[in-house]
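Here the structure is laid out as structure tokens; the discussion comes afterwards.
What follows is calculated from the coordinates using simple rules that are stated; it is not laboratory data. In this text, all values refer to a predicted model and were calculated from it rather than measured experimentally. Counting neighbours? That spans all protein chains shown, and the Cβs are built from the backbone with ideal geometry, glycine included.
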Amino acid sequence: MPSLICCSIHECDGTRLTPRESPVTARGIDMPEERYEDSLLYRIRHSAAHVLAEAMLERFPAAKIAIGPPIEDGFYYDFDLPSAINDDDIKWVETRMKKILSGRHEFTRREVTPEEARELFLDQPYKLELIDDLVNGRQDDNGNPIADPAESLSIYTQNKFSDLCRGPHVESTKDINPKAVSISLRPPAGAYWRGDEKRPQLTRIYGTAWETPEELRDYRERLEEAIRRDHRVLGEKLNLFVNDAMVGKGLPLWLPDGAILRDTLERWLRDIQIERGYLPVVTPHLGNIELYKTSGHYPYYADSQYTPIDVDGDEFMLKPMNCPHHCRIYTSQPRSYRDLPLRYAEFGTVYRYEQSGELRGLTRVRGFTVDDAHIFVRPDQLLDEFKAVVNLIQHVFGSLGMSDFRARIGTRDDASDKWVGDSALWETAAVAIIDACDELGLDYHIEAGEAAFYGPKLDFIVRDVLKREWQLGTVQVDYNLPERFDLEYVDRDNERKRPVMIHRAPFGSLERFIGILIEHFAGAFPPWLAPTQAIVIPIRESHNAYASEIEGLLKSSGMRVKADLQDRNMRSKIRQHRRMEIPWLLVVGDRDVEARTVSVRLRGDEDLGAMPLDAFAAAALERIASHSGEIGL
RNA sequence: GCCACCAUAGCUCAAUUGGCAGAGCACCUGUUUUGUAAACAGGUUGUUCUGGGUUCGAGUCCCAGUGGUGGCUCCA
């Protein structure tokens, strides 16, 4: 099954974080980057979490404490509270934390036996559970040991608070600047104990802590910048899309400017794919449920699919993926080994029931369009075709200047039995993926257990402005669907053989990709993507005719351009269009009419002065055609 | 789906302990004709998310629903 759009990795245990907060440079000599876990910042945050717990227990003496690790940019602590927490509580706790931090309280470590530990945390059930696990050795959900039993446990104490903790911590609260700590920047959140929705839901208090108040101030500014870049904020400001309650949650409406952006991307990718031998196909939004029973998607994944629709006594589904349809296109004719690879491409809109709490802007929606293709290959073609697909995805990301992604190879692990198919084929496929990535010099990492259920895959994962991770592009190797749909080709030796299927989507989904793209460019799109590429601004009404003439000329050369003939002064028009991130503002007055020039002002701040209309058109069209991110002419 | 918070004009927000629903921007009309980030004057704009309840009186308090936000869980 294609996981064509899914998978965010949640960072809550602090173990997957990059150590970039603390690049160490000593006396001009570059030192290797320190691991986050070894950094002062990590100890500060870990210690601040303990102080948070101490203050919370003063405010809520009946609270039960769970865990409180450092995370990227801060820390949290989970509490089981007797009543809901409000802003006044947060304010009180923050003030109290700062008071405790101002004291000179040492963090002292003490080794205790499990018995002593149980005695100490007699009224803290979550701690008792942790102690039991540590003493017995950690086990995963299948009962396999993942950590050795601990013989002794460590307790850290500061002021009047002790916590079960392996450390490390700062030596004393004097190592933490109270002015560099805040818990009021992020609202309290719900979180299940041990991430299990069947266990109690706890209240998670997030905090942030830095070495200096200046770093805290910088962090605040980064948060504000993130809001400014948020695709939901920019989507409204730039009139790209809206979510409408009457239409339904998670079903965004594309406004004209957003549709132009989307259409431009779609046409661009379609052209690239045609060059590379892809064939267009089109399939309907509804399909008979038999299609999904055959593919295996139903009822196993019924939770995320919409209730079937009765059509003349048969059950039809809104299609949650395009692959079964493409398989049926494959089987519509007998296939020869000479026909392969066969690459069916479709911008296919699919519908999935996503939990309401997870919906978000364009990055998580209930109806979305996958830039999907299914490639049917002979086994001997798999490696080359896989490389070609990765090459295509790299081309797409590279053309858009998106380098801030991680590539993840998802393989199967032994902890789950959800995998289908022969393990030798899995091995073959995984080796093909790894070989392809190596040959392409792709910087990847392997995560066991992140495969699709039918085969290993390669995903391209990016982070949004709020540092949430989203899967965009994906390539998946599938031996399963060809089996289920009984796909065959006649080989050179006249034997019927089974093709291998590659599922792939460079964008993943148009919606999510554009959401990320808006944030990537902060709304200032390169000219080829900008919904409006140039605005002509007449200085006086008497220049309107010239402005309209320029509009017509540039339009006929294919540029997306408008003349702004409103009865407002030039300065206010410049302000308005700058705010809309229009790349080129063409101001025209007497001198320009006289000399047939336009005075070009760039989206940023730069005024290029007058240039001949032809020269502007040629230079701008070159920028557009080359997909340059540069707007200077 | 779960926990918490939020919802006032198209947008951003205000409205004392429950006492006549407001401002800026946008929009409309007029004046203005401007050389690079907001001309001037006047005017329109409301089921205060929806439905119940308490009250002499509800934007404000209570209940339910809807939508949004932050997390958690899930994510083929």
Ellipticity estimate at 222 nm from DSSP helix runs (n ≥ 4, -39,500 (n - 2.57)) divided over chain A, nearest 500:
-10500 deg cm²/dmol
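For a Förster distance of 35 Å, can you work out the FRET efficiency between the beta-carbons of A:Arg540 and A:Ser628, rounded to the nearest 0.05? If you can, show how the numbers build up before the last one.
On the way: r = 33 Å, r/R0 = 0.95.
Here the calculated transfer efficiency is 0.55.
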Straight distance only, please: which lysines reach the Cα of A:Lys237 with their own Cα at less than 24 Å, same-chain residues fewer than 8 apart left out?
A:Lys249, A:Lys467, A:Lys562, A:Lys573
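May I ask you to give the average projected area over all directions of the convex hull of the Cα atoms of chain A, in nm² rounded to one decimal? Each step should come with its number before you reach the end.
Details: hull surface 145.2 nm².
Mean projected area of the Cα convex hull: 36.3 nm².
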Please report Rg (one decimal) and Dmax (integer) in Å for the Cα set of region A:371-464.
13.7, 40
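Dipole size in debye (nearest 20) for chain A around its Cα centre, Lys and Arg Cβ +1, Asp and Glu Cβ -1? All intermediate terms of the calculation are to be shown ahead of the outcome.
On the way: 81 positive and 105 negative charges, 371 e Å.
For this selection, approximately 1780 debye.
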Among A:Pro168, A:Leu57, A:Thr95, whose Cα projects farthest towards the positive end of the dipole of region A:39-223, with charges put on the beta-carbon of Lys, Arg (+1) and Asp, Glu (-1)?
A:Thr95
Treating region A:476-516 as a set of equal point scatterers at the Cα positions, no solvent, please give the Debye-formula log₁₀ I(q)/I(0) at q = 0.14, 0.18, 0.30 Å⁻¹.
-0.49, -0.62, -0.94
Taking only complete DSSP H runs, can you tell me which helices of chain A stretch 27 Å or more along their own long axis by Cα positions and average at least 0.0 on the Kyte-Doolittle scale?
A:40-59
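Once R0 is set to 30 Å, what does the formula 1/(1 + (r/R0)^6) return for the Cβ-Cβ distance between A:Ala595 and A:Asn239, expressed as a FRET efficiency to the nearest 0.05? Working shown, then result.
Working: r = 35 Å, r/R0 = 1.16.
Between A:Ala595 and A:Asn239 the formula returns 0.30.
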Kirkwood Rh in Å, taken over all unlike Cα pairs in region A:435-503
14.6
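Can you order the peptides A:567-575, A:368-376, A:593-601 by their average number of other Cβ atoms within 10 Å per residue, highest first?
Details: A:567-575: 12.4, A:368-376: 25.2, A:593-601: 18.1.
Averaged packing, sorted descending, gives the order A:368-376, A:593-601, A:567-575.
Counting only other residues whose beta carbon sits under 13 Å from that of A:Tyr337, what net charge do I get with K and R as +1, D and E as -1?
For residues surrounding A:Tyr337, the net value is +1.
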Toward the positive end of the charge dipole of chain A, about the Cα centre and with charges on Cβ (Lys, Arg +1; Asp, Glu -1), which of A:Phe386, A:Thr108, A:Ile44 goes farthest?
A:Ile44
If I stretch the segment between A:Ser423 and A:Asn86 completely, what's the gain in nm (0.36 nm per residue apart, minus their alpha carbon distance), one decimal?
116.0 nm
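Please grab the % of Cα pairs in region A:39-223 that end up more than 26 Å from each other.
Values: 5154 of 17020 pairs.
In whole percent, the share of Cα-Cα pairs in region A:39-223 beyond 26 Å is 30.
Can you tell me which of A:34-42, A:89-97 comes out highest on packing, and rank the rest after it, using the mean Cβ neighbours within 10 Å? Mind showing how you got there, number by number?
Values: A:34-42: 16.3, A:89-97: 17.9.
Top to bottom by mean Cβ count within 10 Å: A:89-97, A:34-42.
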Straight-line reach check, A:Lys174, cutoff 18 Å on alpha carbons, 8 or more apart in-chain or any other chain, hits among aspartates and glutamates -> A:Glu54, A:Glu94, A:Glu106, A:Glu211, A:Glu214, A:Glu215
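Ordered by packing density, taken as the mean number of other Cβ atoms within 10 Å over each peptide's residues, highest first, how do A:98-106, A:430-438 rank?
On the way: A:98-106: 16.4, A:430-438: 18.1.
Listed from highest to lowest mean packing, they are A:430-438, A:98-106.
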Region A:257-282 and region A:301-329 have their Cα centres apart by a whole-number Å value of 25
Can you compute log10 of I(q)/I(0) for region A:231-388 with the Debye formula, treating each Cα as one identical point scatterer, at q = 0.17, 0.20 Å⁻¹?
-1.15, -1.31
Can you list the residues of region A:449-491 with backbone N under 18 Å from a point 7 Å past the Cα of A:Ile272, pointing along Cα to Cβ?
A:458-463, A:471-476
Residues in region A:378-404 reached by a label modelled at A:Glu495 [backbone nitrogen below 20 Å; 7 Å Cα→Cβ]
A:378-383
How far apart, in nanometres, would the label points at A:Leu286 and A:Glu115 be if each is projected 7 angstrom from Cα along the Cα-to-Cβ direction?
7.2
Residues of region A:463-506 with amide N under 18 Å of the 7 Å Cα→Cβ point at A:Glu224
A:466
Chain A: relative contact order from alpha carbon pairs under 8 Å, six or more residues apart, as a whole percent, is 11
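For region A:148-306, what is the Kirkwood hydrodynamic radius in Å, using each pair of distinct C-alpha atoms? Please list the in-between numbers first.
Numbers: mean 1/r = 0.0438 Å⁻¹.
One decimal place: 22.8 Å for the Kirkwood radius.
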With a bin width of 10 angstrom, please list the P(r) values of region A:178-240 as percents of all Cα-Cα pairs, from the 0 bin to the one holding the largest distance.
20, 29, 29, 21, 1
Check cross-link reach from A:Lys418 to the aspartates and glutamates: straight Cα distance under 20 Å, and skip same-chain residues fewer than eight apart.
A:Asp140, A:Asp141, A:Asp196, A:Asp303, A:Glu427, A:Glu447, A:Glu450, A:Asp459, A:Asp478, A:Glu483
Where labels lie 7 Å past Cα in the beta-carbon direction, separation of A:Gln566 and A:Ala259 in nm:
2.2
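Using alpha carbons only, what's the Rg to Rh ratio of region A:503-633 with Rh from Kirkwood?
Details: Rg = 15.7 Å, Rh = 15.3 Å.
Checking Rg against Rh, the ratio lands at 1.03.
Fully extended, how many nm does the chain gain between A:Ala189 and A:Glu58 (0.36 nm per residue separation, minus their Cα-Cα distance)? Don't jump to the answer; show the numbers that get you there.
Numbers: separation 131, 0.36 × 131 = 47.16 nm, distance 2.00 nm.
Between A:Ala189 and A:Glu58, full extension yields 45.2 nm more.
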Label-point separation in nm, A:Tyr301 to A:Ser154, each point 7 Å along Cα→Cβ
4.5
